[in-house]
Each structure stands twice: as C-alpha cells, then as structure tokens.
Amino acid sequence: MQTDIEEWRHAKVTIMDTGVRGTIAVGLVPHYYKLDHQPGWLPNSIAYHADDGKLYNGNSVGQQFGPKCNRGDRIGCGIYADSFDAGLVTVFFTKNGKEVGSVVVPVVPDGLFPAIGMHSLGEEVRLDLQAEWGSEEEDSVMMVDSHEDEWARLYDVRVSGTLLEYVGKGKSIMDVGLAQARQPLTTRSHYFEVEIVDSGEKCYIALGLARRDYPKNRHPGWSRGSVAYHADDGKIFHGSGVGDQFGPRCFEGDIMGCGIMFPRDYVLDYEDEIDDWDAADVRQKQGRVENLLYLNDEDEEEGDDPEQEHEGRKVMVFFTRNGKIIGRREVVVPAGGFYPTIGMLSSGEKVKVDLHPLSG
C-alpha cells in the first residue's frame, strides 16, 4: 500500500476467515518493508496480531496488549491527528470499535504505511482504509448516523445507524423480528446486502424480498409474496414454510446479498417516485459485485411483450454470499413491488445493512 501516514488517520480490517491459524496482523511499516515478515517483526514497524492479542513493536517477541481476535471481528489501527510532536506519533489500535491501547513511536523519514499481514492458509480479510474513528457505536463498529428513516417497519428489531439488532423473545417461530425497507427494489436500486455481525444463539437470520403488507411474525420467504435465503440452513424459502436446498450456510462475518435481475425493458409505474441514491456513494461501491445489473440478452425469455402489464411480471431474484452469486429463483413481483426484508429469530443476532451498495 502506498498511503502515507500524513494522509491517513485510521484503517480497519474485518476478519472474514481465520484460515488455519488466524495469524492476521494490522499495523504500520516503513516504505520497502520486507514482504516475507509480518508487520511489527522488523525495526520501525508496529502491529497488533489477532492470533495472540500481542503487540509487536520492531521485533519478533510480542508483548501482551489486547484480546485475541476471531472471525467477524474488526481490528483497526490509526494515529491521533494532533499527536505529531518532535518526530513522534501516537498509534492506537481498536477491536470492534473500542480502543485496545496506544503507543508512541518515532516517525521514520520516508513515512509509515498501513500494512496487513497474513500467515496461514485460508486467511481472508476485508480492508477499509477510509474508516472514521470517533464516530462509531460504543458496542459496534457501525456509523451512528441515523438510518431509521430507511425502514418502513421494524418489529422486535432495534436500529443503530446501519446496525440492526434482534430484541425479541426468540422462544417460538412467532417471535420473528422483522425489518422492512421503506422503498422497494427498482431498476436503479436493485440490490442490497447484510453482514452478519453477531450470529446470536442460532443464526436464524434471513434476507430477501417481500410484499409491502407482509406479516410481521413471519420470516421472509415463509408466506405468500416473498422469497428469502436463510443463513442457518442455506435454504431458499419461496412463499412456503418448507425450504429447498440452495446454497451454503452463513456465519458471523459473512455478507449475504439479494437483488433482482430486471429485464432491460422492465418499467415500474412507481419507480419515478423513488429517490435516487447518492451517485457519488454508489460509484465508490460499484466494484463489489459485478455484472449483476440485468439479465444477459441470451437469458431473457423469448416472447416477452414490452407492452404487457408489468405488475405481476416474473423477474429473476438472485442471492450472493461474500460477493459471489450462489443461485437464482424466478418469482412474480407482487403489486407495489418487492421490498428488502430481513428476519431474525434468536437472541443476540446483529446484522449490518447496506440497502444501496450498487446502482442500476
């Protein structure tokens, strides 16, 4: 990475997979740092290591510094903007939005650069070099800007920024916590994602699409006018309480996505009433899932009549896991459209939601 410490204040990684040993490190290194050494092992580098919770400050012998980190955890590293003094700077480290500790280090002539180290098979992280420090929830890493107005209905679900938390009893199938977005999917906003921040007791988390008047005590997919992918068993439910095997199970740290592949001639009567998402924000996120905007020409059904009534027309709904399409299901769009809908049903479940990562 070529981002100088003078231009950068805080970065974080989400541990997507700990691999064989979970030897993931986050820290700062000088320019031309040796690529076969973990951050923190060599002079003028410093890093927090997930596998043992130790701080390595220029040598291969670490000192106990904070808790160990596992799949789903976020490790951050940053500097205090006002800490530059006589060639020294204060570096801090975070875990899940809380500061673990800080240390004063010298600034080397060529500068210090963010560095991520991994050291065993299967390790995977997601990097955010533009993380904002000081504006995160105390108990989570979600931004505290209010997003409550994005939701039309919230039952037994508490919203904190982009974080949704199940607060229901979780004792029976009637205790579903439901969150339904205020706006339906359209050809201009056709896809959304949830990240499982905490799988809770059972990971009874589902995401999908449902009609506007969907019953509040039913998981998406269980009742008419809905389709959903369920994390706990990897099944797809399409208007029925009996699911079909569809994809892999999902766990803490996984990102589940749902969208519609609209045919090119698809027009919604209500689409002009939907507010456009911030175009600049959309452009920054468009690279996350590619080629999902429309059905390919060869995939479109022959004989579709552009003049036919579009309400009740069939579309292809697709689901993703960690940015990869896992399957599709052809469904009929209910009158009024399909609304992003999330269900949770066991204690402790938390998800981070992005209702508009892509633009149609």
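The values are calculated or read from the model by the stated rules, or taken from the named source; none is laboratory data. Fair warning: this is a prediction, and the values are worked out from it, not measured in the lab. As a convention, Cβ positions derive from the backbone with ideal geometry for all residues, glycine included, and neighbour counts pool all protein chains shown.
Take residue 48 and decide whether it is in contact with a Phe, Trp or Tyr (Cβ under 9 Å, 6 or more places away or on another chain) and at pLDDT 95 or above.
Working: in contact with a Phe, Trp or Tyr (Cβ under 9 Å, 6 or more places away or on another chain): yes; at pLDDT 95 or above: yes.
In short, yes.
Being of a type in the set (Val, Ile, Thr) and either farther than 29 Å from residue 195 by Cα or modelled with pLDDT under 85 (or both) is the filter here; which residues of region 80-104 pass it? Give the steps one after another, and end with the answer.
First, the residues of region 80-104 that are of a type in the set (Val, Ile, Thr): 89-91, 94, 100, 103-104.
Passing the criteria: 89, 90, 103, 104.
Could you list, in sequence order, the residues of region 1-16 that are assigned to a strand (DSSP E or B), of a type in the set (Ser, Thr, Tyr) and either more than 15 Å from residue 70 (Cβ to Cβ) or at pLDDT below 85 (or both)? Scanning region 1-16 gives no hits.
Matching residues to (1) β-branched (Val, Ile, Thr); (2) crowded, with 17+ Cβ neighbours inside 10 Å; (3) part of a strand (DSSP E or B):
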| residue | (1), (2), (3) |
| --- | --- |
| 48 | no, yes, yes |
| 56 | no, yes, yes |
| 61 | yes, no, no |
| 70 | no, no, no |
| 76 | no, yes, yes |
| 91 | yes, yes, yes |
| 101 | no, no, yes |
| 105 | yes, yes, yes |
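Can you find a residue that is assigned to a loop (DSSP other than H, G, I, E, B), of a type in the set (Phe, Trp, Tyr), surrounded by 19 or more Cβ atoms within 10 Å (Cβ to Cβ) and over 21 Å from the mean Cα position of the chain (by Cα) anywhere in region 219-229? Taking every residue of region 219-229 in turn, at least one turns out to be assigned to a loop (DSSP other than H, G, I, E, B), of a type in the set (Phe, Trp, Tyr), surrounded by 19 or more Cβ atoms within 10 Å (Cβ to Cβ) and over 21 Å from the mean Cα position of the chain (by Cα). Taken together, the residues in region 17-35 that are assigned to a loop (DSSP other than H, G, I, E, B) and modelled with pLDDT under 90 amount to 7.
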